[in-house]
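Before we start, here is the structure in question, set down as structure tokens.
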Amino acid sequence: MFTEDFPWYPFFTFLSFAWGAATGSFLNVCIYRIPRDESVVKPRSHCPHCNTLIPWYLNIPIFTYIMLWGRCRFCKARITPRYVLVELLVAFLFLLVWLKFDLTMGPRPLGLIPIISAGLVPVLWLYVSGLVLATFVDFEHMIIPDSVSIGGMIVGVILSAVVPAMHGVETLLESVIQSGIGLALGFGLLWSIGKLGSMIFRKPAMGFGDVKLIGAIGAFTGWQGVLFTVVGSSLVGSIVGIALVVGRCKRLQSRIPYGPYLAMAAVLWIFWGQQWWQAYLNILTRPLLQGG
Ligand SMILES: [Zn+2]
């Protein structure tokens, strides 16, 4: 198959998984330090229990955690499984992005020339990294850092100018307009839902962090991505909510933030959004075609 045309393909496939694991490892540092207002580059990683610096050979993503059975090499304190979970998650997401959007195979947005869509893989790697970061900080601290949400809006618009394939268009201007529309729609939509919700329930219904996050999602995906993410996240949220009520996990139920649902739906949009959008359009146009 394509391995004959492109013998390096398996190597790059492995590399994207490894790069994802390494990125996940760095995101773990960000998840811990950003909400605590610490620098993400200095000092080097150390054990949160005994403060021992972790030497490079014990800082290998996924591998180290399994080797040490999830315990610190020096003080034997348990390391939260979140570390290996995030590394595995990001590794698989990077791999999926590569498999779907690489240059040798897979559908390119609207069949654009490969040179343009070459930028899609790193852009989407950055995008899913931001979503993972927002998700795990939100789980732990019930906030979404501005560096992710506001940063994401700015970076999303700038990258749209550089990589128009993000929005399936060919020119810089079209792409930036799509990005701006997505940003404004996402922000406006969740802001309105939040306002409406707090009028009905007489308490804050939507965190402003979520409003900023969907703005960033819109800057990357445009208006279709925003609609999908808003509908998708509320569906997933309802299902989990009902499951928690049925399971009588009342404590957990009131503590789950909304950001992770937004992030989850936004990730689904990357991989399967186009198919669902197309299926939806087909349903809408079918009666018209039959009538004609
Ligand atoms: Zn330790």
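Values quoted throughout were computed directly from the atomic coordinates according to the rules given, and no laboratory measurement underlies them. Small disclaimer: the values here were computed from a predicted structure and weren't measured. Note that we place each Cβ from the backbone using ideal geometry, even for glycine, and neighbour counts take in every protein chain shown.
Name the long-range amide H neighbours of Arg71: under 5 Å, sequence gap of 5 or more, or other chain; modelled H, no Pro or chain starts.
Amide H neighbours of Arg71: Ile79.
Just tell me the longest site-free run in the chain, where the sites are trypsin sites (Lys or Arg not before Pro) in a DSSP loop having at most 16 other beta-carbon atoms within 10 Å.
Maximal segment without exposed cleavage sites: 77-201.
Something else about it: Using the number of other C-beta atoms within 10 angstrom as an exposure proxy, rank Thr171, Thr80, Thr229, Thr64 with the fewest first.
Thr171, Thr80, Thr64, Thr229
Continuing with this model, one more query. What ranking do His167, His141 get, fewest neighbouring Cβ atoms within 10 angstrom at the top?
The fewest-first ordering by Cβ neighbours comes to His141, His167.
If r is the Cβ-Cβ distance from Trp276 to Trp8 and R0 is 30 Å, what FRET efficiency results, to the nearest 0.05?
Calculated value: 0.35.
Kindly provide the pair-distance distribution of region 142-261 built from C-alpha pairs, with 10 Å bins from 0 and whole-percent values in order of increasing distance.
Going out from 0 Å in 10 Å bins, region 142-261 shows 15, 38, 30, 13, 4, 0 percent.
Quote the relative contact order of the chain in percent (integer), defining contacts as alpha-carbon pairs under 8 Å separated by 6+ residues.
After rounding, I find 15 percent.
Next question, about the same structure. For the chain, what number of Lys pairs, 8 or more residues apart or on separate chains, have alpha-carbon atoms under 30 Å from each other?
Lysine pairs satisfying the spacing and distance rule in the chain number 9.
Next question. What does the charge dipole of the chain about its Cα centre add up to, to the nearest 20 debye, if the Cβ of each Lys and Arg holds +1 and the Cβ of each Asp and Glu holds -1?
That gives the chain a dipole magnitude of about 1360 debye.
Which whole-number percent of Cα pairs in region 1-92 have a distance greater than 20 Å? Could the numbers behind the result be given before it?
On the way: 1738 of 4186 pairs.
For region 1-92, the fraction of Cα-Cα distances above 20 Å is 42 percent.
Please arrange Leu99, Leu124 by how many other C-beta atoms lie within 10 Å of their C-beta, fewest to most.
The order, fewest Cβ neighbours first, is Leu99, Leu124.
Per residue Cα convex hull volume for the chain, in cubic angstrom?
Measuring per residue, one finds 191 Å³ for the Cα hull of the chain.
So, one more: Between Ala184 and Glu170, what is the spin-label point distance in nm, taking each point 7 Å from the Cα along the Cα→C-beta axis?
2.6
Under a Cβ-only charge scheme (Lys and Arg +1, Asp and Glu -1), can you give me the dipole magnitude of region 190-283 about the Cα centre, in debye to the nearest 20?
That gives a dipole near 540 debye.
Treating only the Cβ of Lys, Arg, Asp and Glu as charged (+1, +1, -1, -1), what charge dipole size does region 1-92 show about its Cα centre? Round to the nearest 20 debye.
Computed charge dipole of region 1-92: roughly 680 debye.
Along the charge dipole of the chain, pointing to its positive end and built from +1/-1 on Cβ of Lys, Arg, Asp and Glu, which listed residue (Ser25, Gly168, Ala216) has its Cα farthest out?
Ser25
Among Leu120, Ile62, Ile239, flag the residue with its Cα farthest along the positive direction of the charge dipole of the chain, charges on Cβ as +1 for Lys/Arg and -1 for Asp/Glu.
In the chain, that residue is Ile239.
Net charge around Val128, counting only other residues with Cβ within less than 14 Å of its Cβ (Lys, Arg = +1; Asp, Glu = -1)?
Values: positive: Lys100; negative: Glu87.
Local charge sum for Val128: 0.
Compare the peptides 267-273, 159-165, 181-187 by average per-residue count of other Cβ atoms within 10 angstrom and give them in order, highest first.
181-187, 159-165, 267-273
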